[in-house]
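Worksheet: the structure to be examined is printed underneath.
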Amino acid sequence: MEMNAKYDHQKVEEGKYDDWKEKGYFECGKNQGKPFTIVIPPPNVTGKLHLGHAWDVTIQDIMIRYKRMQGFDALWVPGMDHAGIATQAKVDKKLKEQGIEPREMDREEWLKVAWDWKKEYAKTIHDQWGKLGLSLDYRKERFTLDEGLSLAVRKVFVDLYQEGLIYRGERMINWDPVAKTALSNEEVIYKDVEGYFYHIKYPIVGTKEYLDVATTRPETMFGDNAVAVNPDDERYQKYVGQKVLLPLVNREIPIIFDSHADPSKGTGCVKITVNHDPNDYEVGKRHDLKGITVIGLDGKMNENALHYQGMDRLECREALVKELQEKGYLLGKEKIVHSVGHSERTDTPVEPYVSKQWFVKMRPLALRVLENQKKKETKVHFLPSRFEKIMNHWMEITYDWCISRQLWWGHQIPAWYKDDQVYVGMEAPKEEGWVQDPDVLDTWFSSALWPFSTLGWPNETDDFKRYYPTNVLVTGYDIIPFWVNRMTFQGLHFTGQRPFEYCYIHGLIRDKLGRKMSKSLGNGVDPMDVIHDYGADSLRYYLATSTAPGTDLRFEEEKVRSSWNFINKIWNASRFVLLNQKEVKSLIQYRDSDKWILTRYEKTVKDVTKYMDKYEFQNVGSILYKFIWEDFCDQYIEMAKFSLEESGTQNTLKKVLIGILKMLHPFMPFVTDEIYQKFATKENIMISDYPKYEKEFVFLEEEEEINDVISFVKLFRMTKAEHQIGKEYAVVLQNEKDYSFLMQMLKWEGHLADHGSTDTCYKVMSKNYSILLYDEKESTEEDELKKQKEIETLKASILKRENLLANENFCKRAPEKLVKEEQEKLCFEKKRLSELTDF
RNA sequence: GGGCGUUUAGCUCAGUUGGUUAGAGCAUCUGCCUUACAAGCAGAGGGUCUGCGGUUCGAGUCCGUAAACGCCCACCA
């Protein structure tokens, strides 16, 4: 078995994924242990996976691989989301580029194109999953639009309808004029935009007076129903029962009194446009005003907008303001920054619009979640826990969820109409004449069922019974409202259980400067490029170990490179062990150095397991990094070079290395598998057993002894470096200890000196060892200064420690162990000080 | 307006239930091609842990308060 001196990630990763997959290692049901389930957050079939996805799935793969090695029956369910608006927009764009007007197509024809699109992108995503090394059970793969999931969607819709939790009604909703569909509140992103506050003159009928009405959206004035003032606003009491004349339109509208008008804002007069503003809509209901629609579904002004008919609403605003100014109706304008709702998908300003849509009645569903979150045994536990507040708050303030979308790509609503009748059911009514609602459901309606619909629900399948509820859901904090919340209430309502026990939340990936990665900024990083340059293992290790849960991650290539270096280190350590493998027949006899690394290895296993169980991968990363690089490579391999012929060392090298590989495997599956197989093991590491803590390999005394040797060696090197002592020096050993191993470690090339030497002398000492180091060079002023400095530092430290130990409260209340350590340290420092001052 | 987060070395970040001299990677400086690894090895320098106050024998860690930056929710005629 050959190993190159340098780690070649491309060579290592090539072909491995297909091999594992073919061997069926990703499949659940092979381990006898308890089930451990994760469902993947289904990526949209709109494009390639970005770094955020790579991060999300890496975390999950680490969890799954870890649990699988521990003997759990691990199941990771793959799947993808049809992503209604997003996909439809992309498919339409593509068609338009080909000169085809998508909405003029036959719906069935269009759907064929969309399914082709889905197939194409699903393939890309599968390739990317493979490159990342994800151990997904592909037999269980689902798509939100496939048959089983569609059944679940219909069942949920029908049940909620029958329970009165889904209804159809005319309401004010958010309208996306580009996608031409209704949106839910969550799909509206508020952005601060510069705009104007226009003051318009509304003459009072029959007088020469007028009201100064301020608005940011003058174009809606064609639909004004009234002007409202606050009932307590004394300025306007005299206008009870009067009317104003709507400029240009010349329609008389009443002055009404409503608490919605805030006297402290502007002039205290507010125009009421029932059909184009959510608040006005409420006012309209109170005062029985009939709305007038002036903006069409396409965002263009309609026939009620006089000569502006056909003009886009935003263009109309400009032109109208100009006309008002020319005709003397514009009293002024102020520049303001206000927040305007934009469509999450098309980024166009949304229009509040009154229309007939389907809604989910949220209150009862949300209350159930809030109730459940009070129970420790059945609640969803967030990691980190603070994210629970986001969900709870959403549940408290939530209002009805608009679920119908005027799209083609999605689950068509299982409602049929005939004249005035409505039928909601799993299948179309048998009789003639029923027409199905052309609308589809919000994408998130099907995503909300994902943890159980993927396992076969509503059928009582074996998978559902065994693997539900799932153990962990891993996702970013940005989709808690969209998804986590909705899965939680649907899960509770339909399965009576939380859909997942834990919800592990990670942050967003940002660029090096802390900006969100976006197409418009062009600062996106393709995970596939990173994999090409550094390998999936480096990327995975970097992503998983670079931040604490819940916090954002700034992508830095240097850190990926540093992960690569770490793997290269592991590669070479393995190479050393492999090259020095020897047949040893004698009984296993451990040296102190072997016992030292074994002890530290057991401690590492213990700590790593503890943090793996808590999903604190950053801690796992730093523990393993330190143990492997410092303890195993820098110290133990160097020590092992003195006893390579011995059975104990041979055994230890292999045992510890294999253990290291296993603990690293969830993070870096490819390279660990590659190395593992070089040790003549036929099995793949991913189905091997995870290391367990073994008390019989803990040797505390020997560990302490070697620790002392190591600290002595460090001090010795430091002294040599500080005083620039070359290879020519002499030593005197100051006690009866066996110095042979220490001298090996020091790579000693000096000679033993006479006690009476007059050369410059330095003393190096640790707990057990003490050496006088003679340098032929004369001591310089600099040396003397350094010595003085050390004396000063020691004196300060001794004083501090004496004070501490003189403090009764400290001795009484601090742990005994700490006090003892302080005493020992004081003792050592005093000894050292006396040695120094003696010279 | 309500809530949350962040603030630690030049940069990016760790730091568990309070307990040695606050850590890592990258960067910097010095010396080494020592036969696993120069993408490496052996060392070094660099921090009043955002400010102020408090609790405590002891605070980066707990409490209060202020500031800067960021995020979420709500409102914005």
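Just so you know, all these numbers are worked out from the coordinates, no wet-lab data involved. These numbers come from a predicted model, not from an experiment. Note that each Cβ is placed from the backbone with ideal geometry, even for glycine, and that neighbours are counted across all protein chains shown.
Listed values, structure above:
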| quantity | calculated |
| --- | --- |
| Percent of alpha-carbon pairs separated by more than 26 Å within the stretch A:271-414 | 49 |
| Integer Hz, Karplus 6.51/-1.76/1.60 couplings in order for the stretch A:235-244, x for Gly and Pro | 4, 10, 4, 5, 9, 3, x, 8, 10, 10 |
| Per residue Cα convex hull volume in Å³ - calculated over the stretch A:446-521 | 104 |
| Largest-first principal axis extents of the Cα set of the stretch A:109-186 (Å) | 48, 33, 29 |
| Relative contact order of chain A, defined on C-alpha pairs under 8 angstrom at six or more residues apart (%) | 13 |
| FRET efficiency for A:GLN724 and A:ASP526, using Cβ-Cβ distance with R0 set to 45 Å, rounded to 0.05 | 0.35 |
| Those residues of the stretch A:662-681 whose amide nitrogen sits under 16 Å from the label point placed on A:ASN4, 7 Å along Cα→Cβ | A:671-672, A:674-675 |
| Fully extended contour minus Cα-Cα distance, from A:LYS191 to A:SER385, at 0.36 nm per residue | 67.0 nm |
| Under Karplus coefficients 6.51, -1.76 and 1.60, residue-wise ³J(HN,Hα) of the stretch A:310-325 in Hz, glycine/proline x | x, 8, 4, 4, 7, 5, 4, 4, 4, 5, 5, 4, 4, 5, 4, 5 |
| In the stretch A:349-404, lysine pairs with alpha-carbon atoms under 23 angstrom apart (chain gap of 8 or more, or interchain) | 7 |
| Lysine pairs with alpha-carbon atoms under 23 Å apart, the stretch A:74-145, spacing 8 or more or separate chains | 23 |
| A:ASN44 long-range amide H proximity, modeled H, under 5 Å | A:ASP81 |
| Cβ crowding within 10 Å averaged over residues, with A:810-821, A:317-328 ranked highest first | A:317-328, A:810-821 |
| Paired Rg and Dmax values of the stretch A:20-116, which use every Cα atom, in angstrom | 19.0, 57 |
| Extent along principal axes [Cα atoms of the stretch A:399-536; Å; largest to smallest] | 63, 40, 33 |
| Alpha-carbon centroid distance for the pair the stretch A:19-44 / the stretch A:120-149, whole angstrom | 12 |
| Alpha carbon centroid spacing (whole Å) that separates the stretch A:415-474 from the stretch A:252-304 | 38 |
| Set of the stretch A:220-251 residues, backbone N closer than 19 Å to the point 7 Å along the Cα-Cβ line of A:GLN309 | A:220-224, A:248-251 |
| Other-chain or far-sequence residues with amide H under 5 Å of A:ILE166's (modelled H) | A:TYR161, A:LYS361 |
| Residues whose placed amide H lies under 5 Å from that of A:VAL205, excluding near-sequence neighbours | A:LYS243, A:VAL244, A:LEU245 |
| Degrees separating the helix A:485-495 axis from the principal Cα axis of chain A, which is the longest one | 90 |
| FRET efficiency for A:ASN459 and A:LYS614, using Cβ-Cβ distance with R0 set to 25 Å, rounded to 0.05 | 0.10 |
| A:TRP434-A:ASP298 FRET efficiency (beta carbon distance; Förster radius 30 Å; 0.05 resolution) | 0.55 |
| Chain A, helix-only ellipticity at 222 nm - DSSP H runs n ≥ 4, -39,500 (n - 2.57), divided by all residues, nearest 500 | -13000 deg cm²/dmol |
| Rough spin-label spacing in nm, given labels placed 7 Å along Cα→Cβ, for A:ASN580 and A:ASP419 | 9.3 |
| The stretch A:697-711 - phi-based ³J(HN,Hα) in whole Hz, Karplus 6.51/-1.76/1.60, Gly and Pro as x | 9, 9, 10, 5, 5, 5, 4, 5, 4, 5, 4, 5, 4, 4, 5 |
| Eligible lysines near A:LYS6 by straight Cα distance, threshold 16 Å, same-chain separation 8 or greater | A:LYS569, A:LYS678 |
| Rg(Cα)/(2.2 N^0.38 Å) for the stretch A:213-347, N = residue count | 1.06 |
| Equivalent-ellipsoid semi-axes of the stretch A:591-683, from the Cα gyration tensor, Å, largest first | 23, 17, 10 |
| Distance (nanometres) between label positions extended 7 Å along Cα→Cβ at A:GLN162 and A:LYS374 | 3.1 |
| For the stretch A:158-232, convex hull volume per residue from C-alpha positions, Å³ | 213 |
| DSSP-defined beta bridges in chain A - what % are antiparallel, rounded to 5 | 75 |
| Straight-distance crosslink candidates among aspartates and glutamates, where the alpha carbon sits under 15 Å from A:LYS682 and sequence neighbours closer than 8 are dropped | A:ASP19, A:ASP673, A:GLU674 |
| Paired Rg and Dmax values of the stretch A:619-727, which use every Cα atom, in angstrom | 17.0, 54 |
| Chain A: proportion of alpha-carbon pairs further apart than 48 angstrom, % | 43 |
| Percent antiparallel among DSSP beta bridges (both partners in the stretch A:204-267, rounded to 5) | 60 |
| 26 Å Cα-Cα reach of A:LYS333 towards lysines, excluding residues that sit fewer than 8 places from it in its own chain | A:LYS191, A:LYS201, A:LYS208, A:LYS243, A:LYS265, A:LYS271, A:LYS300, A:LYS322 |
